[in-house]
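Report on the following structure.
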Amino acid sequence: MALLSDSRPAVPTLRPATPADAALLHAWRSEPSVRRHQPLQAASLADLRADLARQHPGDLYRARGDRFQWIIEVDRVPVGWITLAITSWEQGVGELGYALTTEAQGRGLMVPALDRLLGLLFEQTLLDRLEARCSVDNEASRRVLERCGFHREGLLRGYFRLGDRRVDNHLYARLRSDP
Ligand SMILES: CC(C)(COP(=O)(O)OP(=O)(O)OC[C@H]1O[C@@H](n2cnc3c(N)ncnc32)[C@H](O)[C@@H]1OP(=O)(O)O)[C@@H](O)C(=O)NCCC(=O)NCCS
């Protein structure tokens, strides 16, 4: 990816994902580095397209809908995604998940991308608490969450199965009222 190899600092931007992004997401989800620390459910291209077609970005601002996804871009080249799953609109709680394609990892892109989204969510929606979980082995993801102001709230023992073993997860959360 030429644009990521030049010397300028890369500035990630976000746009809502559309059904036309299904093929990209399908390809990214199959990359070993993307799957290394998270159990991504098997999903066909049609499943991903249908999931994206159900999402309505405008619902976010009306406290409706249960799933939203954004594509992270650098100079208009898609490099990853962030997902928001609403746990409860009534309680103002949601959960974030994210990934960068292999060649975009390790370049400091996720912190500014997530920061941007946190700003939008806390300024323009009724969400008060955003959670995120990561495998205890995923040091890069843990660093991203801490740099984005998330607090580690606990350890979720054997939270998911990855290959043939159960993996502990850190639970992180950031509140609207956090500095
Ligand atoms: C995890 C991920 C989101 C991190 O985003 P990123 O933009 O690549 O992260 P950065 O380049 O800013 O690195 C984050 C920090 O982790 C450190 N780091 C990176 N890889 C590391 C590793 N294998 N071990 C320890 N630290 C590591 C970096 O040095 C950096 O430290 P710093 O905050 O002190 O500068 C990204 O690599 C990714 O998408 N990975 C695959 C999918 C995934 O694991 N998603 C998260 C599921 S919870």
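The values are calculated or read from the model by the stated rules, or taken from the named source; none is laboratory data. Here the structure is a predicted model, which is why all the values come from computation and not from measurement. Here the Cβ positions follow ideal geometry from the backbone for every residue, glycine too, while neighbour counts run over all protein chains shown. SASA here: full protein model, heavy atoms, side chains in, ligands and nucleic acids out. Shrake-Rupley method; radii C 1.70, N 1.55, O 1.52, S 1.80 Å.
Annotations for the structure displayed:
- Of all residues in the stretch 128-143, those that are touching a residue at least 40 places away in the same chain (Cβ under 8 Å) and closer than 20 Å to Arg35 by Cβ have Cβ atoms under 9 Å from Cβ atoms of residues that are in a loop (DSSP other than H, G, I, E, B) and more than 9 Å from the ligand (Cβ to nearest atom), 6 or more apart or on another chain, in Ala132/Cys148; Ala132/Phe150.
- Tallying residues that are away from the ligand (no atom under 11 Å from the Cβ), within 23 Å of Arg157 (Cα to Cα) and open to solvent by 50 Å² or more (accessible area, probe 1.4 Å) within the stretch 108-135 yields 1.
The rows are residues; the columns are (1) out of contact with any Pro (no Cβ under 9 Å at 6 or more places or on another chain); (2) within 20 Å of Gly119 (Cβ to Cβ); (3) more than 11 Å from the ligand (Cβ to nearest atom).
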{"position": "Asp137", "(1), (2), (3)": "yes, no, no"}
{"position": "Arg147", "(1), (2), (3)": "yes, yes, no"}
{"position": "Gly154", "(1), (2), (3)": "yes, no, yes"}
{"position": "Arg165", "(1), (2), (3)": "yes, no, yes"}
{"position": "Ala173", "(1), (2), (3)": "yes, yes, yes"}
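- Failed criterion for Phe68 (all others in (1) assigned to a helix (DSSP H, G or I); (2) within 24 Å of Ala140 (Cα to Cα) hold): (1)
- For Cys148: the one exception among (1) within 15 Å of the chain's Cα centre (by Cα); (2) open to solvent by 20 Å² or more (accessible area, probe 1.4 Å): (2)
- Among (1) assigned to a strand (DSSP E or B); (2) over 25 Å from Ala173 (Cβ atoms) - the single one Trp81 does not satisfy: (2)
- Of the listed requirements (1) touching a Cys at 6+ places or on another chain (Cβ under 7 Å); (2) of a type outside the set (Ser, Thr, Tyr); (3) at pLDDT below 95, Leu118 misses just one: (3).
Residue by residue, here is whether (1) closer than 25 Å to Ala140 by Cα; (2) modelled with pLDDT of 95 or more; (3) acidic (Asp, Glu); (4) open to solvent by 30 Å² or more (accessible area, probe 1.4 Å) holds:
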| residue | (1), (2), (3), (4) |
| --- | --- |
| Met1 | yes, no, no, yes |
| Ala22 | no, yes, no, no |
| Asp47 | no, yes, yes, yes |
| Ala50 | no, yes, no, yes |
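- Residue match in the stretch 124-143 (condition: under 28 Å from Leu60 (Cα atoms), polar (S, T, N, Q) and assigned to a helix (DSSP H, G or I)): yes
- Pairing residues of the stretch 44-66 that are in contact (Cβ under 8 Å) with a residue 24 or more places away in the chain and closer than 15 Å to Leu126 by Cβ with residues that are open to solvent by 80 Å² or more (accessible area, probe 1.4 Å) and assigned to a loop (DSSP other than H, G, I, E, B), at Cβ distances under 6 Å and at least 6 apart in sequence or on separate chains, gives Ala63/Leu126.
- The residues of the stretch 93-107 that are open to solvent by less than 50 Å² (accessible area, probe 1.4 Å) and either part of a strand (DSSP E or B) or closer than 17 Å to Glu146 by Cβ (or both), listed by number, are Val93, Gly94, Leu96, Gly97, Tyr98, Ala99, Leu100.
- Pairs with Cβ under 7 Å, 6+ apart, first in the stretch 21-39 and within 17 Å of Ile71 (Cα to Cα), second among the basic types (Lys, Arg) and surrounded by 16 or more Cβ atoms within 10 Å (Cβ to Cβ): Ala22/Arg49
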